[in-house]
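Below: one structure, written as structure tokens.
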Amino acid sequence: MNDGKSDGNGRIHRYFIHHILTRMGYTKRGVIFPVSSAILERIDEYQDILEDFSSPRIDLIQWKETPNHNVEILNETGDLYRYFDLTKQAEFIYSCVADTIEKIIPEELNCLEKYDHLTQFINNHITLPDHEVDLLIKFLNQNQGKLSKNKREKHFEELKDDEIKMIESAFHDIFKNS
């Protein structure tokens with residue numbers, strides 16, 4: 001169960017990564033560079049890398065809980081965080097950036113291209129508002145290219161059987177065969 005604190009720490013870590021990449025000129029401000037996706041794909045390794053730094057230091061810190069449930073550090077800890085080796089962490093981030101450039105962005109662009117192709121196909125064959133086309137593609141994506149009876153009855157009862165079959169076939173051709 002996520003207590004919110006670890007998730008917040010993860011967001012802070014990823015924010016710093018994005019901030020540093022932007023400050024160093026690797027990404028532009030306002031441009032989404034999905035390095036977080038690469039990190040989340042390797043979340044166990046990410047946790048291990050973070051713990052590689054923090055775990056050895058935990059036993060060296062003397063602390064006590066305060067009355068308001070915070071932590072009070074009882075010994076000097078500055079030397080534990082001065083001149084430390086973050087080679088493993090830097091290598092991990094570098095590999096995540098490389099995965100983002102070489103794998104994640106091309107896969108995302110490929111998916112967007114297929115999405116646009118299917119949108120165009122649907123618009124060429126039937127008349128639906130854009131938000132319904134988006135919803136239809138979402139439902140097809142969620143159900144391996146098939147529109148469930150429930151979703152059809154609830155959202156697309158105006159579509160004919162042959163139109164549904166034609167769209168499902170196009171989804172399969174575009175997303176599964178290419």
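For the structure I just gave you, tell me whether A98 is under 23 Å from F33 (Cβ atoms), at pLDDT 90 or above and open to solvent by 50 Å² or more (accessible area, probe 1.4 Å).
No: the conditions fail for A98.
Let's see how each residue does on (1) of a type in the set (A, V, I, L, M, F, W, C); (2) over 27 Å from F33 (Cβ atoms):
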site: K103; (1), (2): no, no
site: L109; (1), (2): yes, no
site: T119; (1), (2): no, no
site: N123; (1), (2): no, yes
site: L128; (1), (2): yes, yes
site: L136; (1), (2): yes, yes
site: N141; (1), (2): no, no
site: G145; (1), (2): no, yes
site: N150; (1), (2): no, yes
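Would you pick out the residues in region 59-95 that are hydroxyl-bearing (S, T, Y), surrounded by 10 or more Cβ atoms within 10 Å (Cβ to Cβ) and not in a loop (DSSP other than H, G, I, E, B)?
Within region 59-95, Y94, S95 qualify.
Do any residues in region 129-156 that are open to solvent by less than 60 Å² (accessible area, probe 1.4 Å) have Cβ atoms under 6 Å from those of residues that are charged (D, E, K, R), where the two are at least six apart or on different chains, and which pairs are they?
F139/K151; G145/E168
Looking at region 17-34, can you tell me whether even one residue there is open to solvent by 90 Å² or more (accessible area, probe 1.4 Å), farther than 20 Å from D99 by Cβ and not in a helix (DSSP H, G or I)?
yes
Here are some conditions: (1) modelled with pLDDT under 90; (2) closer than 17 Å to S95 by Cα. D3 meets all but one. Which one does it not meet?
So the condition that D3 fails would be (2).
Could you say whether any residue in region 43-53 is part of a loop (DSSP other than H, G, I, E, B), free of Cβ contacts under 8 Å to residues at least 12 places away in the same chain and not small (G, A, S)?
No; the residues of region 43-53 include none that is part of a loop (DSSP other than H, G, I, E, B), free of Cβ contacts under 8 Å to residues at least 12 places away in the same chain and not small (G, A, S).
Between R23, R14, R42, which is modelled with pLDDT under 90, closer than 18 Å to Y94 by Cβ and not polar (S, T, N, Q)?
The unique qualifying residue is R14.
Could you list all residues from region 157-178 that are open to solvent by 50 Å² or more (accessible area, probe 1.4 Å) and either under 28 Å from E107 (Cβ atoms) or not in a loop (DSSP other than H, G, I, E, B) (or both)?
Hits for region 157-178 are D161, D162, K165, M166, S169, H172, D173, K176, N177, S178.
The values are calculated or read from the model by the stated rules, or taken from the named source; none is laboratory data. Quick caveat, the model's predicted, so the values are computed rather than measured. Using ideal geometry, Cβ is built from the backbone for each residue, glycine included, and neighbour counts are taken over all protein chains shown. To get the accessible areas, we keep the full protein, side chains included, count just its heavy atoms, and leave off ligands, DNA and RNA. Shrake-Rupley method; radii C 1.70, N 1.55, O 1.52, S 1.80 Å.
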